[in-house]
Amino acid sequence: IGAGGAGEKVLRELLDNPTGWPTKSSKGQFKISPRLGVSFPITVGSKLYFNYGYFYQRPNVSFLYNISVFPGGAIVPTPDLPMARTVAYEFGYEQRFLNNFLANVTMYYKDVKNEPLSRTYIDYNEEVSVSKYVADRYKDIRGIELRLEKNIGRFFTFWGSYEYMLVSTGQSGVSTVY
C-alpha cells in the first residue's frame, strides 16, 4: 500500500467507521452462577460425591477495548462480547485405606460456549483487513482423574494423579469474511 493509494483510503475509511464498531454504549452483563455439591458417606473411610455448576469467564480486556492498527489492517475492539459459559458436572468416589492413604476417582464433563474467536473482514481487493472478536467458539470436555494421596506427618502430603481427557472444539461461524 503506497502513500495516498486506494488501499490507504479504504483503510482510513474503515478506521473512521469500522464494521461492527459500537454506535451506542454497551450494556453491562449480570450472570447468576448456580452451583450444587452433594456428598454421600458410604462408610467411615469412603464417600460418593457429585458437583454441578455454571461458571462464567470475562473476556480478555484487550478483546473488549484495545485497537491495533498495522499496515493493511486493524483489529477493532468488541465491547459487547459476552462472557464464556461453562456448565460442569463431576461425579467421584473417594476411599481412605491403611490409615494414611486416600484414593480418588473422578469423572467429569464440561460444556463450554461463547469463547472469543477472531473474525477477519477482508475488502474486495484483498488489500485491507479488519478483525474483531465474536463469541463463536465452543468446547466439549470429558475425562477421568485418578488420584492417590499419602499423609506424611501433620504438614506434608505426597500425591500423584493421572488424568485422561477428551476435548472436542469448534466454531459456530466463519473466521474470514470476504
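The values are calculated or read from the model by the stated rules, or taken from the named source; none is laboratory data. Just so it is clear, the structure is predicted and the values come from calculations on it, not from any experiment. Counting neighbours? That spans all protein chains shown, and the Cβs are built from the backbone with ideal geometry, glycine included. Protein only, heavy atoms only, side chains kept; ligands, DNA and RNA dropped before computing areas. Shrake-Rupley method; radii C 1.70, N 1.55, O 1.52, S 1.80 Å.
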Within segment 35-46, can one find any residue that is at pLDDT below 95, open to solvent by 50 Å² or more (accessible area, probe 1.4 Å), assigned to a loop (DSSP other than H, G, I, E, B) and more than 19 Å from Y133 (Cα to Cα)? yes
The listed residue being at pLDDT below 90 and under 30 Å from S168 (Cβ atoms), out of F91, F63: F63
Can P71 be described as within 20 Å of the chain's Cα centre (by Cα) and under 30 Å from S175 (Cβ atoms)? no
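Residues checked against (1) more than 26 Å from the chain's Cα centre (by Cα); (2) not aromatic (F, W, Y):
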position: P116; (1), (2): no, yes
position: E126; (1), (2): yes, yes
position: Y138; (1), (2): no, no
position: L148; (1), (2): yes, yes
position: V177; (1), (2): no, yes
With S161, S172, S131 as the choices, which residue is open to solvent by 50 Å² or more (accessible area, probe 1.4 Å) and either charged (D, E, K, R) or more than 30 Å from T43 (Cβ to Cβ) (or both)? S172
Candidates Y49, Y56 - the one that is open to solvent by 40 Å² or more (accessible area, probe 1.4 Å), at pLDDT 95 or above, among the aromatic types (F, W, Y) and in contact with a strand residue (DSSP E or B) (Cβ under 9 Å, 6 or more places away or on another chain): Y56
Output the number of residues of segment 54-96 satisfying the condition of being β-branched (V, I, T) and closer than 24 Å to L146 by Cα. 2
Filter result (over 30 Å from R12 (Cα atoms), in a loop (DSSP other than H, G, I, E, B) and open to solvent by less than 60 Å² (accessible area, probe 1.4 Å)) within segment 66-122: M83
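For segment 134-153, enumerate the residues that are open to solvent by less than 50 Å² (accessible area, probe 1.4 Å), among the aliphatic types (A, V, I, L, M) and more than 15 Å from M83 (Cα to Cα). Full working, then the answer.
In the first step, residues of segment 134-153 are kept if they are open to solvent by less than 50 Å² (accessible area, probe 1.4 Å); the result is 134-136, 140-141, 143, 149.
Add one more test, that the residue is among the aliphatic types (A, V, I, L, M), and what stays is 134-135, 141.
Of everything in segment 134-153, just one residue is open to solvent by less than 50 Å² (accessible area, probe 1.4 Å), among the aliphatic types (A, V, I, L, M) and more than 15 Å from M83 (Cα to Cα), namely I141.
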If I ask for residues that are in a loop (DSSP other than H, G, I, E, B) and in contact (Cβ under 8 Å) with a residue 40 or more places away in the chain, which ones from segment 125-178 would you list? N125, E126, E127, V128, G173, V174, S175, Y178
